[in-house]
Amino acid sequence: MRILIAAAVLAAVPVLAQTAPKTPFTAVERLAPENAVRHITGQELEATMKKGMTPGAFYSQILLSKHDGYQIINTIRDKDGQAEVHADWNDNIFVQEGEASFVTGGTQVDAKETAPGEKRGTSIKGGATASMRAGDYFFVPAGTPHQMLVTASKRIRFIAFKTHK
């Protein structure tokens, strides 16, 4: 009987794996001790992010630096983001390539706390919309709702320099 139960469980594992929810993003850490010059080529960054653009992922990102007071993240996305609010982090966003619409201010719709000091929602109601293009810079103060909207078949790549408020 135990053998039959074990066989049934083993047979169900592939089915369970297929129905598991997809990861909402792919994140790679490229952290290293920051007491010497460090160089990561653009080709390596691009290749790493392309690998992370898995089906169903909201975005692919590389965490380049992380400290108590700041974080540096390189991100590429080809889908709309969620409406975000960071209670303790300012976002400094430098658009590298591509385009998107950026909604800021207003009120998050269906916001839920996803981590301490972090809320995500489905959209923003009553916000202001700006176009994001290569070379643009955006500052989003802590506590401000914001959301990137990417047109189908388009993508955007940006560096977010997050500073603790």
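The values are calculated or read from the model by the stated rules, or taken from the named source; none is laboratory data. Model, not experiment: these values are computed from the prediction. All Cβ positions, even for glycine, are placed from backbone atoms using ideal geometry, and neighbour counts span all protein chains on display. In case anyone asks, the SASA skips ligands and DNA or RNA and just uses the protein heavy atoms, side chains included. Shrake-Rupley method; radii C 1.70, N 1.55, O 1.52, S 1.80 Å.
Has region 70-77 got any residue that is at pLDDT 85 or above, over 15 Å from the mean Cα position of the chain (by Cα) and surrounded by fewer than 18 Cβ atoms within 10 Å (Cβ to Cβ)?
yes
In region 78-100, which residues are buried (at least 19 other Cβ atoms within 10 Å of the Cβ) and in contact with a Pro (Cβ under 6 Å, 6 or more places away or on another chain)?
Correct list: A83, V85.
Considering region 51-97 alone, what residues qualify as being part of a strand (DSSP E or B) and farther than 30 Å from E34 by Cα?
A83
For a quick check of your reading of the model, give me the residue pairs whose first member lies in region 34-46 and is on the phi < 0 side of the Ramachandran plot, whose second is among the aliphatic types (A, V, I, L, M), with beta-carbon atoms closer than 6 Å and at least 6 apart or on different chains.
Within 6 Å, the pairs are R38/A32.
Considering only residues of region 114-165 that are of a type in the set (S, T, N, Q) and closer than 14 Å to D91 by Cβ, which is surrounded by the most Cβ atoms within 10 Å (Cβ to Cβ)?
Filtering first and then ranking leaves Q147.
Kindly provide the set of residues from region 47-65 that are open to solvent by 10 Å² or more (accessible area, probe 1.4 Å) and in contact with a strand residue (DSSP E or B) (Cβ under 8 Å, 6 or more places away or on another chain), ordered by number.
T48, K50, K51, M53, T54, F58, Y59, Q61, L63, L64
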